[in-house]
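The values are calculated or read from the model by the stated rules, or taken from the named source; none is laboratory data. Quick caveat: nothing in here was measured; it's all calculated off a predicted structure. Methodologically, a virtual Cβ is constructed for each residue, glycine included, from the backbone with ideal geometry; neighbour enumeration extends over all protein chains shown. We work out accessible area using only protein heavy atoms, side chains counted, and drop any ligands, DNA or RNA first. Shrake-Rupley method; radii C 1.70, N 1.55, O 1.52, S 1.80 Å.
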Amino acid sequence: FNLTTSGVAGAAGSSVNGSDDVYTVKVNTGSGNGTIRLNIVSSPTIFDLAANPLSGPFTTGETYTINKTLTYSSQSATDGWILESSENSNLGGTMNSSATTFNLGDDAAKKQYRAILSFNTAGLPDTAVVTKATLKLKFSAVVGGGNPLTTFQGFMASIINGTFGLPALELTDFNAAAIKTVGPLSPALSSNFYSLNLGAPDAYINKLTSNSGITEIRLRFKLDDNNDAIANYLSLFSGNALTAADRPKLIIQYYVP
């Protein structure tokens, strides 16, 4: 047997089992999205009891569509922004979990804004292997002028399998320990969206119903403030955005071994 594939990588037959006239060929579908078809090769490798070869090749079998991308929106009830209590405290002082946008940057008192995004990723197969995670954020506005992404030297994304504290937004989420931090990332704005490549954070994506099935991401800029005593921040749409398409999206690519 062999495979005809399109779009997927690493697909291969892993076993053949059966008897008489019924056999099952198990195929590892690899990674990525696309199509797979199982073929019988042209050389005679299958014989009946009288040593007659099965005629071949056979390349007109069913083509299977492989779609291993799942997209999750940030949950409005548990995401939001947190503002530092003072310039160098590294502690949360005020927060907002109901605004339609969240801020990254600083305020006029040089306090840093951070944001918590919350995704229920329990719908992933328990044995899924995450090959890529992309966070999409929609631009809303800039306060204070310039390009905050350049001024503050890029996005930093901290990921945790579960929640930073309670599922609800808390001030302590500002500095709670994370499992993995990615960045700085400085993606170009495209069609009003930033796409942050988080790599392949398999161990940090929650595929189970434990920890409420949640994967959380804390966002900040690399620089905590720009020391100019002027509010300067980037505003992005949150899980409370009125239009579903505007809400933060976590796009997971995976395969099941």
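Brief remarks on what is shown
- Volume of the Cα convex hull of the range 16-157, divided per residue and given in Å³: 193
- Our estimate of slack between S98 and A203, defined as 0.36 nm per intervening residue step minus the Cα-Cα distance, is 34.8 nm.
- For the range 1-97, the set of chymotrypsin sites (Phe, Trp or Tyr not before Pro) satisfying both a DSSP loop assignment and a count of at most 15 other C-beta atoms within 10 Å is given as F1.
- Pairs from the list K68/K249; K138/K249; K138/K207; K68/K132; K207/K249; K136/K180 with a Cα-Cα gap above 21 Å: K138/K207.
- Rounded to whole Hz, the Karplus (6.51, -1.76, 1.60) HN-Hα couplings of the range 32-38, x for glycine and proline: x, 10, x, 9, 9, 10, 8
- Across the range 141-257, Cα pairs under 8 Å and at least six residues apart give a relative contact order of 37 percent.
- From phi via Karplus (6.51, -1.76, 1.60), per-residue ³J(HN,Hα) for the range 218-231 in Hz, x at Gly/Pro: 9, 10, 7, 8, 4, 8, 6, 7, 10, 6, 10, 6, 10, 4
- Dividing the summed helix terms, -39500 (n - 2.57) for each DSSP H run of n ≥ 4, by the number of residues in the chain produces a 222 nm estimate of 0 deg cm²/dmol to the nearest 500.
- Residue among A115, A178, A11 with the largest mean-square fluctuation in a Gaussian network model of the chain, springs linking Cα atoms under 10 Å: A11
- Net length gained if the chain between V41 and S186 were fully extended (0.36 nm per residue, minus Cα distance): 47.4 nm
- Relative contact order %, the chain, counting alpha carbon pairs below 8 Å whose residues are six or more apart: 26
- Annotation: for a label point projected 7 angstrom from Cα along Cα→Cβ of L54, residues of the range 18-48 with backbone N closer than 16 Å are 18-27, 37-48.
- Residues with amide H under 5 Å from that of S238, placed H, sequence gap 5 or more: T101, F102
- For A11, the residues 5 or more places off, or on other chains, whose built amide H falls under 5 Å of its own are S31.
- Taking every C-alpha pair closer than 8 Å and separated by at least 6 residues, the mean separation divided by the residue count of the range 104-183 gives a relative contact order of 26 percent.
- Chymotrypsin sites (Phe, Trp or Tyr not before Pro) lying in DSSP loop within the range 185-257, provided at most 10 other Cβ fall within 10 Å: none
- Rolling a 1.4 angstrom probe over the protein heavy atoms with all chains in place gives the range 133-257 an accessible area of 42 Å² per residue.
- Shape call, the range 129-257: gyration tensor on alpha carbons, a/c limit 1.5: prolate
- In a fully extended conformation the segment linking A245 and V22 would gain 75.5 nm over its present Cα-Cα distance, using 0.36 nm per residue.
- For the range 155-207, the spread of Cα coordinates along the three principal axes comes to 34, 25, 18 Å, biggest extent given first.
- Net charge dipole size for the chain [Lys, Arg +1 and Asp, Glu -1 on Cβ; Debye, nearest 20]: 280
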